[in-house]
Each structure stands twice: as C-alpha cells, then as structure tokens.
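Read through the structure below, which is laid out as structure tokens, and then see the notes.
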Amino acid sequence: MKGVMRFGKKGKLSPRYIGPYRIANSTSNVAYDLELPQKLATVHLVFHVSMLKKCMSDPSLIIPTENIGIKDSLTYEEIPVQILDRQVHKLRTKELA
C-alpha cells in the first residue's frame with residue numbers, strides 16, 4: 001500500500017500490526033487515541049478503526065517493539081539476500097538466467 005509505514009520486514013512478509021496497545025479514549029466514532037510507548041513517540045497517536053485489530057489472547061501474535069529496529073528518521077536498513085541457486089533455460093541460440 002502506498003504511503004503506509006510498515007514495521008520490520010519489507011514487502012509481503014512485513015507484519016501488518018504491532019502491539020497490543022491500550023485505547024486511551026475515543027476521539028470520534030471511527031478514531032481512537034492509543035497509549036503508545038516512548039519509543040514510538042514520533043508516530044501519531046490517533047488511529048482510524050480500519051487500522052486497528054481486536055487484540056487476541058494468543059501471545060504469538062504480539063510483536064515486541066524491541067525487535068522492530070526503527071531509527072529516529074523512521075527508516076530502516078535493508079539487508080540484501082544472497083542468491084544461492086539459479087536456473088538457466090537453454091534455448092537454441094541463447095541461455096536465459
């Protein structure tokens with residue numbers, strides 16, 4: 001999604017939600033203030049209902065903020081992955097990797 005900040009990994013495997021965090025108060029019918037930790041002080045406190053998920057009691061769904069690694073500039077470092085294997089398709093006159 002364009003313009004959405006993801007935490008942790010980039011792409012399809014990135015976690016969609018972090019938390020859980022308590023709701024401080026309801027600013028309107030569709031917006032809530034959350035009690036975020038000091039580490040996430042640069043993130044806005046008001047969230048739309050569509051960005052929130054009901055907290056399940058399963059502890060495997062909880063992603064601790066210590067493992068996220070957010071810098072002060074709200075960027076993260078991409079680590080390249082080494083290519084371990086590749087397939088070469090042989091045509092009559094060419095080889096395609």
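Values for this structure:
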| read-out | value |
| --- | --- |
| Candidate set from region 52-62 (those that are over 24 Å from Glu78 (Cα atoms) and outside any loop (DSSP other than H, G, I, E, B)); member that is modelled with the lowest pLDDT | Pro59 |
| Hits in region 30-42 - residues which are farther than 13 Å from Gly19 by Cα and under 17 Å from the mean Cα position of the chain (by Cα) | Ala41, Thr42 |
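The values are calculated or read from the model by the stated rules, or taken from the named source; none is laboratory data. Since we're looking at a predicted model, the values are computed, not measured.
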